[in-house]
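Heads up: the structure comes next, in C-alpha coordinates.
The values are calculated or read from the model by the stated rules, or taken from the named source; none is laboratory data. Quick caveat: nothing in here was measured; it's all calculated off a predicted structure. Positions of Cβ are generated from backbone atoms using ideal geometry, with glycine treated the same way; all protein chains shown enter the neighbour counts.
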(Lines give C-alpha, C1' and ligand atoms only; values in the text may rest on other atoms or scores of the structure.)
Protein backbone atom coordinates (compact mmCIF):
# COMPACT_ATOMS: atom_id res chain seq x y z
CA UNK A 1 0.00 0.00 0.00
CA UNK A 2 1.21 3.48 -0.82
CA UNK A 3 -0.02 6.85 0.35
CA UNK A 4 -0.62 10.00 -1.69
CA UNK A 5 2.61 11.30 -0.11
CA UNK A 6 4.50 8.52 -1.97
CA UNK A 7 3.15 9.44 -5.41
CA UNK A 8 5.66 9.61 -8.30
CA UNK A 9 4.97 10.00 -12.00
CA UNK A 10 4.85 6.62 -13.73
CA UNK A 11 3.79 4.41 -10.82
CA UNK A 12 0.84 2.08 -11.39
CA UNK A 13 -1.87 1.84 -8.73
CA UNK A 14 -5.14 -0.06 -8.46
CA UNK A 15 -8.17 2.27 -8.50
CA UNK A 16 -11.65 0.72 -8.43
CA UNK A 17 -10.22 -2.57 -9.69
CA UNK A 18 -8.46 -0.97 -12.68
CA UNK A 19 -4.71 -0.54 -13.20
CA UNK A 20 -4.02 3.18 -13.50
CA UNK A 21 -0.69 4.82 -14.31
CA UNK A 22 -0.03 8.13 -12.55
CA UNK A 23 0.68 10.63 -15.33
CA UNK A 24 0.89 13.74 -13.17
CA UNK A 25 -0.17 14.90 -9.72
CA UNK A 26 -0.27 18.05 -7.64
CA UNK A 27 -0.45 18.38 -3.86
CA UNK A 28 -2.81 21.23 -2.90
CA UNK A 29 -3.04 22.72 0.58
CA UNK A 30 -5.78 25.33 0.65
CA UNK A 31 -5.93 27.95 3.39
CA UNK A 32 -9.17 26.49 4.68
CA UNK A 33 -9.94 22.77 4.86
CA UNK A 34 -7.83 19.67 4.44
CA UNK A 35 -5.06 19.10 1.94
CA UNK A 36 -5.79 17.09 -1.20
CA UNK A 37 -4.06 15.70 -4.29
CA UNK A 38 -5.17 16.37 -7.89
CA UNK A 39 -4.15 13.53 -10.19
CA UNK A 40 -4.21 12.65 -13.86
CA UNK A 41 -4.46 8.87 -14.23
CA UNK A 42 -4.16 6.81 -17.42
CA UNK A 43 -5.84 3.41 -17.59
CA UNK A 44 -2.99 0.95 -18.20
CA UNK A 45 -5.11 -1.29 -20.43
CA UNK A 46 -7.38 1.07 -22.37
CA UNK A 47 -5.26 4.25 -22.38
CA UNK A 48 -8.20 6.40 -21.20
CA UNK A 49 -7.11 9.40 -19.08
CA UNK A 50 -9.04 10.44 -15.97
CA UNK A 51 -8.61 13.37 -13.61
CA UNK A 52 -9.40 12.57 -9.98
CA UNK A 53 -8.96 14.29 -6.65
CA UNK A 54 -8.06 12.41 -3.43
CA UNK A 55 -7.71 13.42 0.20
CA UNK A 56 -4.14 13.73 1.39
CA UNK A 57 -2.96 10.52 3.07
CA UNK A 58 -5.37 8.24 1.21
CA UNK A 59 -3.89 4.77 0.59
CA UNK A 60 -3.75 2.75 -2.64
CA UNK A 61 -2.51 -0.68 -3.67
CA UNK A 62 0.60 -0.38 -5.84
CA UNK A 63 0.57 -2.70 -8.85
CA UNK A 64 3.87 -4.37 -9.64
CA UNK A 65 4.12 -4.37 -13.44
CA UNK A 66 6.98 -6.53 -14.69
CA UNK A 67 8.54 -5.82 -18.09
CA UNK A 68 10.20 -8.78 -19.83
CA UNK A 69 11.88 -9.18 -23.22
CA UNK A 70 10.31 -11.93 -25.36
CA UNK A 71 10.92 -13.09 -28.93
CA UNK A 72 7.95 -12.92 -31.28
CA UNK A 73 7.45 -16.26 -33.04
CA UNK A 74 4.23 -16.23 -35.09
CA UNK A 75 0.49 -15.63 -34.92
CA UNK A 76 -2.42 -17.87 -35.73
CA UNK A 77 -5.89 -16.38 -35.74
CA UNK A 78 -6.27 -14.16 -32.67
CA UNK A 79 -3.27 -15.55 -30.77
CA UNK A 80 0.28 -14.20 -30.93
CA UNK A 81 3.02 -16.59 -29.76
CA UNK A 82 6.18 -15.46 -27.96
CA UNK A 83 9.21 -17.29 -26.53
CA UNK A 84 11.42 -16.22 -23.63
CA UNK A 85 14.99 -16.15 -25.02
CA UNK A 86 16.61 -17.56 -21.84
CA UNK A 87 14.15 -20.19 -20.61
CA UNK A 88 12.56 -21.07 -23.98
CA UNK A 89 9.18 -20.84 -22.26
CA UNK A 90 6.40 -20.00 -24.71
CA UNK A 91 3.31 -17.89 -24.13
CA UNK A 92 0.32 -17.13 -26.35
CA UNK A 93 -1.44 -13.78 -25.90
CA UNK A 94 -4.66 -12.40 -27.36
CA UNK A 95 -4.67 -9.85 -30.15
CA UNK A 96 -5.87 -7.08 -27.79
CA UNK A 97 -2.57 -7.34 -25.84
CA UNK A 98 -0.46 -6.53 -28.92
CA UNK A 99 -3.02 -4.37 -30.73
CA UNK A 100 -0.93 -1.18 -30.68
CA UNK A 101 2.29 -2.76 -31.95
CA UNK A 102 1.31 -5.77 -34.08
CA UNK A 103 1.76 -3.85 -37.33
CA UNK A 104 5.48 -3.35 -36.51
CA UNK A 105 6.32 -6.92 -35.43
CA UNK A 106 8.00 -9.49 -37.65
CA UNK A 107 9.10 -13.00 -36.74
CA UNK A 108 12.10 -13.28 -34.38
CA UNK A 109 11.87 -9.62 -33.24
CA UNK A 110 12.33 -8.75 -29.56
CA UNK A 111 9.19 -7.36 -27.93
CA UNK A 112 8.65 -6.06 -24.38
CA UNK A 113 5.71 -7.78 -22.67
CA UNK A 114 4.23 -6.27 -19.50
CA UNK A 115 2.95 -8.72 -16.89
CA UNK A 116 0.76 -8.23 -13.81
CA UNK A 117 0.23 -11.28 -11.60
CA UNK A 118 1.61 -13.57 -14.37
CA UNK A 119 -0.89 -12.25 -16.94
CA UNK A 120 0.31 -10.39 -20.04
CA UNK A 121 -1.31 -6.94 -20.15
CA UNK A 122 0.36 -5.16 -23.06
CA UNK A 123 3.28 -5.21 -25.44
CA UNK A 124 5.72 -2.61 -26.72
CA UNK A 125 8.12 -2.67 -29.67
CA UNK A 126 11.29 -0.52 -29.89
CA UNK A 127 10.84 3.12 -30.93
CA UNK A 128 12.50 2.41 -34.31
CA UNK A 129 12.32 -0.78 -36.36
CA UNK A 130 13.85 -1.77 -39.69
CA UNK A 131 11.44 -3.36 -42.17
CA UNK A 132 11.71 -4.34 -45.84
CA UNK A 133 9.37 -2.84 -48.46
CA UNK A 134 7.31 -5.63 -50.07
CA UNK A 135 5.06 -3.51 -52.29
CA UNK A 136 5.50 -0.01 -53.67
CA UNK A 137 4.36 1.61 -56.88
CA UNK A 138 7.12 3.24 -58.91
CA UNK A 139 7.44 7.02 -58.59
CA UNK A 140 6.28 8.83 -61.75
CA UNK A 141 8.90 11.03 -63.42
CA UNK A 142 6.74 14.18 -63.24
CA UNK A 143 6.01 13.75 -59.51
CA UNK A 144 9.25 15.30 -58.27
CA UNK A 145 7.77 18.18 -56.31
CA UNK A 146 9.29 18.67 -52.88
CA UNK A 147 7.92 16.38 -50.20
CA UNK A 148 6.03 14.08 -52.59
CA UNK A 149 5.20 10.70 -51.05
CA UNK A 150 3.61 7.42 -52.03
CA UNK A 151 2.25 4.47 -50.03
CA UNK A 152 4.50 1.46 -49.40
CA UNK A 153 3.60 -1.87 -47.78
CA UNK A 154 6.18 -3.29 -45.38
CA UNK A 155 6.98 -6.94 -44.60
CA UNK A 156 5.01 -6.70 -41.34
CA UNK A 157 1.87 -5.70 -43.24
CA UNK A 158 1.90 -2.02 -42.27
CA UNK A 159 1.41 0.63 -44.95
CA UNK A 160 3.25 3.95 -44.58
CA UNK A 161 3.97 7.02 -46.69
CA UNK A 162 7.50 7.09 -48.16
CA UNK A 163 9.44 9.36 -50.55
CA UNK A 164 9.16 8.62 -54.27
CA UNK A 165 12.69 7.15 -54.59
CA UNK A 166 11.88 4.16 -52.33
CA UNK A 167 11.58 0.88 -54.25
CA UNK A 168 10.52 -2.69 -53.45
CA UNK A 169 13.24 -4.53 -51.54
CA UNK A 170 14.57 -1.44 -49.75
CA UNK A 171 14.95 -1.71 -45.97
CA UNK A 172 13.53 1.29 -44.10
CA UNK A 173 13.84 2.57 -40.56
CA UNK A 174 10.37 3.48 -39.25
CA UNK A 175 9.29 5.34 -36.09
CA UNK A 176 6.79 2.98 -34.41
CA UNK A 177 5.28 5.72 -32.24
CA UNK A 178 4.08 7.80 -35.21
CA UNK A 179 4.32 5.41 -38.17
CA UNK A 180 6.61 7.82 -40.02
CA UNK A 181 9.41 6.93 -42.44
CA UNK A 182 12.81 7.95 -41.03
CA UNK A 183 15.47 6.79 -43.48
CA UNK A 184 16.53 4.07 -45.89
CA UNK A 185 19.02 1.64 -44.37
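Results, tabulated for the structure shown:
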{"read-out": "Meets criteria (surrounded by 15 or more Cβ atoms within 10 Å (Cβ to Cβ) and at pLDDT 90 or above) for residue 39", "value": "yes"}
{"read-out": "Near pairs, Cβ below 6 angstrom, 6+ apart or cross-chain, from region 66-91 (assigned to a loop (DSSP other than H, G, I, E, B)) to any residue that is modelled with pLDDT of 90 or more and surrounded by 12 or more Cβ atoms within 10 Å (Cβ to Cβ)", "value": "84/70; 85/71"}
{"read-out": "Filtered residues of region 74-97 (kept if surrounded by 15 or more Cβ atoms within 10 Å (Cβ to Cβ) and either farther than 19 Å from residue 118 by Cα or assigned by TED's automatic domain parsing to the domain that holds residue 21 (or both))", "value": "75"}
{"read-out": "Within region 92-120, considering residues that are under 11 Å from the mean Cα position of the chain (by Cα) and in a strand (DSSP E or B), the one nearest to residue 158 (Cα to Cα)", "value": "111"}
{"read-out": "Subset of region 18-36 that is under 22 Å from the mean Cα position of the chain (by Cα) and free of Cβ contacts under 8 Å to residues at least 24 places away in the same chain - its residue that is surrounded by the fewest Cβ atoms within 10 Å (Cβ to Cβ)", "value": "24"}
{"read-out": "Matching residues in region 62-73 - criterion: being loosely packed, with under 13 Cβ neighbours inside 10 Å and either at pLDDT 90 or above or touching a helix residue (DSSP H, G or I) at 6+ places or on another chain (Cβ under 6 Å) (or both)", "value": "69"}
{"read-out": "Filter result (at pLDDT 85 or above and under 20 Å from residue 107 (Cβ atoms)) within region 169-185", "value": "169, 170, 171, 172, 173, 174, 176"}
{"read-out": "Close pairs (6 angstrom Cβ cut-off, 6 or more residues apart or separate chains): more than 14 Å from residue 42 (Cβ to Cβ) in region 1-12, part of a loop (DSSP other than H, G, I, E, B) anywhere", "value": "3/57; 4/56; 4/58"}
